[in-house]
Amino acid sequence: MTDIAARKDQHLDVILAGKARHRLDTGLDAVRFVHEALPDLDHGKIDLGADFLGRRLQAPLLISAMTGGPARAEAINARLAEAAQHLGIALAVGSQRAALASDGPTPGLDMSLRLKAPDTPILANIGAAQLTRGFGLEEARRVIDMVAADALVVHLNPLQEACQPEGDRDWWGVGAALEALVKALDAPVVVKETGAGLSAATARRLADMGVAALDVAGAGGSNWASVEGERSDVDADKAHAAAFADWGIPTARAIAEARAACPRTLIIGSGGIRDGVDAARAIRLGADIVGQAAGVLAAATESTEAVVAHFQTVIRQLRTVCFCTGSANLTALTKAPLQV
């Protein structure tokens, strides 16, 4: 196994062990709907459909990027793709950096993924830090073609890189390289944080570059500084990472501020989404689509059926929020009254 693949496996182990939780709260619990005791709705006919990158989703959900070493990634991605196809939701794969360096097909990150999910929006994935390290337009097209993706996710993870022993800490020129890629690539580009949130100013800057969507990935879920601290066996690395256990912009604030700064941009709300009630809160704050990663990881290591069951519960919860707020669809949910 390569060094990168081993690192990815360690990441999964830390998250599955529950050692990466953020010390900050997402802020979503403060969003409380006014209960409608007399909804004039049929629960089963509430429309949860949402448009996403030219496709129609059955529910406004994105299985956010997860990855691991080759064997683990193959099994996880297969289950996620099958579940996404069955449920009519979207899927983002984990970082394809290691796959780009491979001479042959990478298990779990090849055309077999598209065959398992022919109707699913699939998002390819590379890290922004690599855009000044030889990863450019050609590589972006390669990772898209690798999984027949509908769009490319470029993830921003400066905190993780700063805390990772092997991290890329020179980000000079990354913004300019990202803007050049967005303008040159003949596919939509989605930019996401990785658990520390997007500020309003950064969201606006990215929207001005022409990105197709923003995934705020706010604080309150997995903390990648903590993940890297757990990985390291060097005391200085652990001490450095520990100081950032409560760093970032909480998910609720990140969503609301991104929506205010970018009223016409597609917003993905993620970061510590626990259930369908959190998903509804994120939508009410301004998210168009809601992403979840760590919350479904345990199911993804088990079976496709476990992933489907997990998201069926999330969808049922989201539908019940709509029912109990008198919201016939997601547009109505965005206007549902909140308790002061």
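The values are calculated or read from the model by the stated rules, or taken from the named source; none is laboratory data. Quantities reported herein were computed from a predicted structural model and do not represent experimental measurements. Don't worry about glycine lacking a Cβ; one is built from the backbone with ideal geometry, like all the others, and counts go over all protein chains shown. All accessible areas refer to the heavy atoms of the entire protein, side chains included, with ligands and DNA or RNA removed. Shrake-Rupley method; radii C 1.70, N 1.55, O 1.52, S 1.80 Å.
Structural remarks
- Filter result for A180 (at pLDDT 95 or above, of a type in the set (G, A, S) and within 20 Å of the chain's Cα centre (by Cα)): no
- Look at (1) in contact with a helix residue (DSSP H, G or I) (Cβ under 9 Å, 6 or more places away or on another chain); (2) open to solvent by less than 20 Å² (accessible area, probe 1.4 Å) and you find that V153 fails only one, number (1).
- Which numbered condition I289 fails, given (1) in contact with a Pro (Cβ under 6 Å, 6 or more places away or on another chain); (2) open to solvent by less than 20 Å² (accessible area, probe 1.4 Å); (3) farther than 17 Å from D275 by Cα: (3)
- Screening the range 29-54 for residues that are in a strand (DSSP E or B) and under 18 Å from the mean Cα position of the chain (by Cα) and picking the one that is nearest to V277 (Cα to Cα) gives A50.
Each row is one residue, and each column tells you yes or no for (1) of a type in the set (A, V, I, L, M); (2) open to solvent by 10 Å² or more (accessible area, probe 1.4 Å); (3) not in a loop (DSSP other than H, G, I, E, B).
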position: V143; (1), (2), (3): yes, no, yes
position: A201; (1), (2), (3): yes, yes, yes
position: E228; (1), (2), (3): no, no, yes
position: D237; (1), (2), (3): no, yes, yes
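- Residues of the range 132-141 satisfying the condition of being surrounded by 15 or more Cβ atoms within 10 Å (Cβ to Cβ) and outside any helix (DSSP H, G or I): F135, G136
- Odd one out for L214, checked against (1) more than 30 Å from D51 (Cβ to Cβ); (2) open to solvent by less than 10 Å² (accessible area, probe 1.4 Å): (1)
- Within the range 308-325, residues that are charged (D, E, K, R) sit with their Cβ atoms under 7 Å from residues that are open to solvent by 50 Å² or more (accessible area, probe 1.4 Å) and in a helix (DSSP H, G or I), at 6+ positions apart or across chains, in these pairs: R319/H43.
- Candidates are the residues of the range 258-286 that are within 20 Å of L48 (Cβ to Cβ) and among the basic types (K, R); the one that is surrounded by the fewest Cβ atoms within 10 Å (Cβ to Cβ) is R274.
- Extreme residue, nearest to Q160 (Cα to Cα), among residues of the range 227-238 that are over 22 Å from the mean Cα position of the chain (by Cα) and among the small types (G, A, S): S232
Yes or no, residue by residue, for (1) under 15 Å from the mean Cα position of the chain (by Cα); (2) crowded, with 24+ Cβ neighbours inside 10 Å:
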position: L206; (1), (2): no, yes
position: A225; (1), (2): no, yes
position: H240; (1), (2): no, no
position: A245; (1), (2): no, no
position: G248; (1), (2): no, yes
position: A256; (1), (2): no, no
position: L297; (1), (2): yes, no
position: V308; (1), (2): no, no
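- For first residues located in the range 207-235 and more than 30 Å from L185 (Cβ to Cβ), partners that are buried (at least 24 other Cβ atoms within 10 Å of the Cβ) and among the β-branched types (V, I, T) and lie 6+ apart or on another chain with Cβ distances below 7 Å form the pairs G220/T26; G220/T251.
- Single condition R264 does not satisfy, out of (1) part of a loop (DSSP other than H, G, I, E, B); (2) touching a strand residue (DSSP E or B) at 6+ places or on another chain (Cβ under 8 Å); (3) over 24 Å from A6 (Cα atoms); (4) not β-branched (V, I, T): (2)
- Cβ separations smaller than 9 Å between residues 6+ apart or across chains give the following pairs from the range 91-110 residues that are among the aliphatic types (A, V, I, L, M) and surrounded by fewer than 24 Cβ atoms within 10 Å (Cβ to Cβ) to residues that are part of a strand (DSSP E or B) and at pLDDT 80 or above: L100/I126.
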